Every structure is written in C-alpha cells, then in structure tokens.
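The values are calculated or read from the model by the stated rules, or taken from the named source; none is laboratory data. All figures in this text were calculated on a predicted structure; none of them were measured in a lab. Cβ placement follows ideal geometry from the backbone for every residue including glycine, while neighbour counts extend to all protein chains displayed.
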There are 4 protein chains.
Amino acid sequence: MAKPTGIEKSDLLTAAKQCLVDKGIEKFTLKAVAEQAGVTQGTIYYHFKTKEQIILEIVQDICENSWNEIMAFDQQMTQSALISAKSRYDNDAFYHKLFFTLIVFGFTNPSIRQQIGQILATENEHLYNGLKKLWDTSPIEGVSLETWSIFFNALIDGLAIQVMMRDDFDVDAFYQQLEKILQTLHHLGK
Amino acid sequence: MAKPTGIEKSDLLTAAKQCLVDKGIEKFTLKAVAEQAGVTQGTIYYHFKTKEQIILEIVQDICENSWNEIMAFDQQMTQSALISAKSRYDNDAFYHKLFFTLIVFGFTNPSIRQQIGQILATENEHLYNGLKKLWDTSPIEGVSLETWSIFFNALIDGLAIQVMMRDDFDVDAFYQQLEKILQTLHHLGK
Amino acid sequence: MAKPTGIEKSDLLTAAKQCLVDKGIEKFTLKAVAEQAGVTQGTIYYHFKTKEQIILEIVQDICENSWNEIMAFDQQMTQSALISAKSRYDNDAFYHKLFFTLIVFGFTNPSIRQQIGQILATENEHLYNGLKKLWDTSPIEGVSLETWSIFFNALIDGLAIQVMMRDDFDVDAFYQQLEKILQTLHHLGK
Amino acid sequence: MAKPTGIEKSDLLTAAKQCLVDKGIEKFTLKAVAEQAGVTQGTIYYHFKTKEQIILEIVQDICENSWNEIMAFDQQMTQSALISAKSRYDNDAFYHKLFFTLIVFGFTNPSIRQQIGQILATENEHLYNGLKKLWDTSPIEGVSLETWSIFFNALIDGLAIQVMMRDDFDVDAFYQQLEKILQTLHHLGK
DNA sequence: CATGAATGAGGCTTCATTCAT
DNA sequence: TATGAATGAAGCCTCATTCAT
C-alpha cells in the first residue's frame, strides 16, 4: 500500500473532465473521478483540497491549455474556417459539453463565472486576430472588428447548442450557406 | 396536518424553476423546492413521481407555456427586435439560465435532450415567421430564410452566454452595431 | 366522490392476504392493498384503524374461516389423505406462504403469536379427530393419539417448507413412500 | 472521525442476524444494525452494497458456518438426538427464528429462496449420514433412507414451529413419546 | 505518496396516517 | 361512506471529507 503511482494532477484533471462530460453535473462524484483515474478517493484529496477546487482547476486548465489546441486553426485561417473549425460536432462535442457544463456551474459560482468570462474574452481576441488577417477593414461601416469577433464567437456557441441538441440538424447544409454569407460580407468590405 | 393547501402542480413547477436557477443543478434539492413552494417534501411526491419527472415537466412547461410569453414580440417585430427582445439581460437572464441549465441536463438525459431539441426547432420556426414578415426575399442568394432563422437563433443564444458570463460586456454598444448589420442585410435584399 | 362501493371488510382482507403473499412482509403496504382492492388508501382507514389491525384480522380470519375450507377433507379421511391434502403444493402454496409469513410476524408480535398458537392447537385437534376415525388405538403403545396428531401436523408444515423452497423436491415420490410408512403404522396397531 | 474500528464483515453480519431476530423483518433497518454493531450507517455501506446484500450474506453465512456448530451432534448421534438436538427450544430458538424469517424472505426473493433450498438439501444429507450410522437398513421396506431423512428434517422444522408458537407445548412429554416411536422403528428394521 | 476504512450530513423516496370535503 | 390531498417521520443510500497507517 501507498505506492507512488506516477499519476499527476493533470491525469486527474483529465479524468475529471471525462467524468463531468460523461456523467453530468449531478453525478460528477469524486468516486467516479477516482475510478476513471484508477486511483482511490484518498489520492484525489492528496492533490486537491476540495471538489470545488477540481472544478476550478478544470476551468483554469481549459483557459491555459485546451485553448491552444482548439485554436490551432488560427494559422491556416480561411473564410469559413472561422466558424467551422470549432463547431464541427465530431471534433469537439466533448469540449463544448464541458464548456457549457462549466458555464452552468458559473451561474451559481462567481469565481467560475469570472474565469469563463475570461475565456470568452480570450476567444473573442483570437477571433479578432483571425479576422484582422482576413479582412482589411470591417465589411460594414460602423461595425468594429471587435464586434464582429463577438458576433462570430456567439454564433459558434449558439450553433454548438443546435448541433448538440437536435438530431435532425443538417450541419453540412448549414455550413455551405454560412460560407455564402461570409463571402458576401467579404465582398462588401472591398 | 394533512389539510388541503390549494397548491397546484403549476405552482410547484414555478417553485422548481426558481430553485433550479437560484441554486444550480447540484443544489437543486427537493427540500429546496418544497421550501420554496411552502409545502413538505411529501407533497411534492404526491404530484411528481420522481425528481427527474419534475425536470422533465419543467422542460415541457417551457415548451408549451413560457414560449408564448417570450415570443410575444412576434407581433411588433422590427429590425433588431429580432434579436434584442429575447436577449436583453434584464428581461430574461432567468429564462436563459434556466434554458442553459436544462441543456446541460440534456447532455446526459436523452429524453430531456430531445425536448430541448424540439424547443429549439420551435424557436427557429418563430424566427422564420418573423423574418418572412421583415424580408421579402433572403438578402443573400443561396441562403434560405430557414438558415437565417437558425443563424439568428444561434446568435441569440451565444450572445446570452457572453452577456451572462462577462461583467464588462457592453450590451448597448453591441446592439447598436448589430442594428447596422441588420440594416445592411436588409438593403442587400432590395 | 365518496360513493358507496359495496366493498366490505372481507374484500379488503382478501386483498390484503393476496398482497402479503405476493409482495412479502417488507413491501406489504397499504397503498398496495388499496390498489389490489381497487379503493383508495383513505377507504382502508375507514375500515381498519391501523395497519397492524389488518394483519391481526387476517390471522383471525384464517382462524375462523379459511380453516373450514382447508379441513373439508375431514370427511373423506383416508390413510395418507391425512397429510397429503393439506400439503399438495398446487392446492395451498398460497395458504402456506400466508401462514409462514404470519408465523414470522408472530415472532415479534405476541398477540399474533398467540393466535397462531391457537390455530396450531385447532389443527392438532382436527387431526386428532381424523386419527380417531382411522385408528382404534395408537399403533405404538405409550404414544398417545394427541402426540400423533402433533407429529403429523409438524410433518405437514415441515414438508410444506421443503416443497416451497426446493425446486428439485419430488413430491409424488415422497408421498408414495409416506403412504408405506402410514400403512406400516396402521398394521402395527392391529 | 474516520478512524479504523477494527470491525469486520462477520461482526456486521452477526449484528444483522441479531437485529433480524430481535426486531423482525419490518423493523430490520440499517440504522438498527448499525447501532447493534456500534458503527454508523455509512460504515455498513462500506462493507455491503445494499440491504438485500446483507440478507443474502446472512443466508450464505448460515449455509457455510452456522451449520457446522449446529450439526456438531453428528458425532455422538443417538436415537432421539436425531431430532431433539436441533429442536430444543432453549438451544436454538434463535437459529430457528432466523431460519424461518429467511424462508419468508425467500418467498419473494428467488435468490434467497434458492439458497435456503440448498441449506435444506444439506440438512437432509447430514441427517442421512446420521441415519446410516444408526440403522443398517431402512426399518420399512420400500422407504429409502433419503426419504427418512427428509421425513425427520420436516418433522424437526414443523416441531420448531409448534414449540415457538405455543406456550402450552410440553416439549419433554412429546420427546419422551417421540423416543418410543423411534425405538419402534429401530426394532422394525431387525 | 497513497490507501482504505470510516463518518455524518444530507438526498431521494416511501409510507402510515390524518383530515376536509 | 369514501376520497384525495397532504404530512412528517423514517428508510435506504450517496457523498465529500477525514485520518491512521
């Protein structure tokens, strides 16, 4: 008993994220996390002070790490990649479920809420940088690029909801038309 | 003991909604609902078979009733009313919190998920009807009005998230610029 | 509301017996009895003061009524009818289950225990009367007919247990050999 | 809080048996077991998955352990020891109450019923072995020793019922006459 | 470092019982 | 006479958390 397992905090966080998405908020128990990670409950308490702390660190982790991966598309930004990359169901249902779950946590937990706000701000910024590369100026006068970035970020999240909740949502058809909207906007700017 | 209270199922549902928003998923307990409604836990079980049933009936209730009130703006639909009405924070943070909470419930509960999908479809339809009145044809060729309704519905939900999670979000400034986007789209269609 | 249902105490007792056997002691609830009888729980409280009272009246009912039917075989008493009649599984698994259930109730309820004791005494007496008709004198000197009646009554109950609890119990084979035992005893007495 | 108690599963089972006999099926609560064992309810759930599991393990325990003690008489088997040993009220009212209680549980729980059946089969076997030592051959032609063992086992259980339920049952007088029956059977075999 | 045993508070649920109608 | 709404106590069970080893 009491052998080093070589398990690190990040492993526990990964297990915790998986649990949160798989079981939902109500059944997100430390027992479940421990099982998922292959350790005992006691071990979790060696790494985290409380259950809430785990959730907080998940949020921080997303803020710091996950974002990088998700925003890798930053590089080869094209027209509709703007939106599609983060929204395609297959790629990130997991991420979006996790994200929305944390948002709902945020409703009653100021500290989480604030961090989620921070993440959103960062997302907006990333989109802003992407837009700057694509568009010389805003396609519509009086609408700043900052506003456009918020606009698209909101669109991304809202679409994720539709995709996740509606079985009959035709993602591909929608993106084809979305592409046209973006092209039109692009031409407006010239 | 055991006197009629004159309390009806709808009162319990109202109390339950309030609790769900106030306390969050984890602390959404039947004790809390009972207290909120001014009855005993036993009474709740006289009206609902299980806790899950309460949540299900909340979703159904939203589907059937709440929507009417929220969509009252259907009548005097103007340009940006399209979006703003449902999104203004002060008006319906309650509704949006409730809605997102149920969405997250839906992640792990197929039966709820399906109903939420239904609600989204209905929302899309309402927006579609509003758009038909505003626009003779789609402002952009190849983009159907159905797509636009999904587009705006997603935007509404995504914005709600930003509004709810970010203290520094300047709602008014954003809506002013959103208005311009809508005007531009409107003129495109001519 | 509040219509006479023509339901009488005996109907409720019948329903209660059925529940007791079907659901077992732990799940013997008044709700179950009410459903079985097709009335509401309130109705039960019109006829019985408490749940315990129902059980008590079941015992009394068995003591007074059921016994007559079960002991109808008294008339055509033959050799092994002595035992078989009351023991054949198909005929009275119901009765035996009820009886043993009440016995176990009696372990912790003196008033029930006493009545069960009374029932057993009556059973012994019935068997005694049957034996008197079959045998002029006891087949074994020094063993009274009273003892034989207890002996056979115990055998009947003990066999019922074996029959009820063992799937592989070969009732017919056993009774064939039991018949031989009884015949031998019969001849001993001559 | 949360200090090792040195209590083991077998201690909890012992406490549970005591409760089952003392309080009866209906009042056999985990709270009662916990108090009897001097632990908290939570501790019980650390060792057993459900309440039903406790009952199941009681049955298993009887099957494996108790039997050895009870059947110690196997060694010095004499005539009526055959029956008396297991039946004398003072010795094992506890065991018999427990046993009958479990039988009644078995009525509505197949898994328990099956194990009880197994126990009965084992009892029959033990009696069979005892009989083989006492009797060279069966006292009555056509009646196998297996049948006799079932016969006596049933008698034992049936008598236990009479002894437990009737205050006025004269155990000693009955056993004296039972002895005579056994002697007669013994002589028949010669 | 890590564990397993233990805790106690609290959650969901059932149930006997009551009472106004 | 019968009912349905309501109650509150109690039951089973889960869970975050603690602590000796």
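Of the conditions (1) closer than 30 Å to D:Ile25 by Cβ; (2) surrounded by fewer than 19 Cβ atoms within 10 Å (Cβ to Cβ); (3) modelled with pLDDT under 90, C:Asp168 clears all except one; give me its number.
All conditions pass for C:Asp168, except number (3).
If you go through segment B:127-161 one residue at a time, how many are at the interface with chain A (Cβ under 7 Å from one of its Cβ atoms) and of a type in the set (Asp, Glu)?
Matching residues across segment B:127-161 total 1.
Select from segment C:125-158 the residues that are crowded, with 21+ Cβ neighbours inside 10 Å and polar (S, T, N, Q) and write down the one among them that is nearest to D:Gln162 (Cα to Cα).
The qualifying residue nearest to D:Gln162 (Cα to Cα) is C:Asn153.
So is B:Gly6 within 12 Å of DNA strand F (Cβ to nearest atom), modelled with pLDDT of 90 or more and not assigned by TED's automatic domain parsing to the domain that holds B:Glu123 or not?
no
Residue pairs, Cβ under 9 Å, 6 or more apart or interchain, first in segment A:109-126 and within 8 Å of chain B (Cβ to nearest Cβ) and free of Cβ contacts under 8 Å to residues at least 60 places away in the same chain, second outside any helix (DSSP H, G or I) and among the small types (Gly, Ala, Ser). List them.
Correct list of pairs: A:Asn109/B:Gly24.
Got at least one residue in segment B:94-103 being at pLDDT 90 or above and either among the β-branched types (Val, Ile, Thr) or within 24 Å of A:Gln177 (Cβ to Cβ) (or both)?
yes
Which of (1) within 10 Å of another protein chain (Cβ to nearest Cβ); (2) touching a residue at least 24 places away in the same chain (Cβ under 8 Å); (3) under 23 Å from B:Leu182 (Cα atoms); (4) among the aliphatic types (A, V, I, L, M) does A:Met164 not meet, given it meets every other one?
Tallying (1) within 10 Å of another protein chain (Cβ to nearest Cβ); (2) touching a residue at least 24 places away in the same chain (Cβ under 8 Å); (3) under 23 Å from B:Leu182 (Cα atoms); (4) among the aliphatic types (A, V, I, L, M), A:Met164 fails exactly one: (3).
For segment B:30-38, does any single residue satisfy the condition of being outside the structural domain of B:Val104 (by TED's automatic domain parsing), among the β-branched types (Val, Ile, Thr) and either more than 24 Å from the chain's Cα centre (by Cα) or surrounded by fewer than 18 Cβ atoms within 10 Å (Cβ to Cβ) (or both)?
No, there is no match, as no residue in segment B:30-38 is outside the structural domain of B:Val104 (by TED's automatic domain parsing), among the β-branched types (Val, Ile, Thr) and either more than 24 Å from the chain's Cα centre (by Cα) or surrounded by fewer than 18 Cβ atoms within 10 Å (Cβ to Cβ) (or both).
Being of a type in the set (D, E, K, R), closer than 18 Å to C:Phe105 by Cβ and not in a loop (DSSP other than H, G, I, E, B) is the filter here; which residues of segment C:10-35 pass it?
C:Lys17, C:Asp22, C:Lys23
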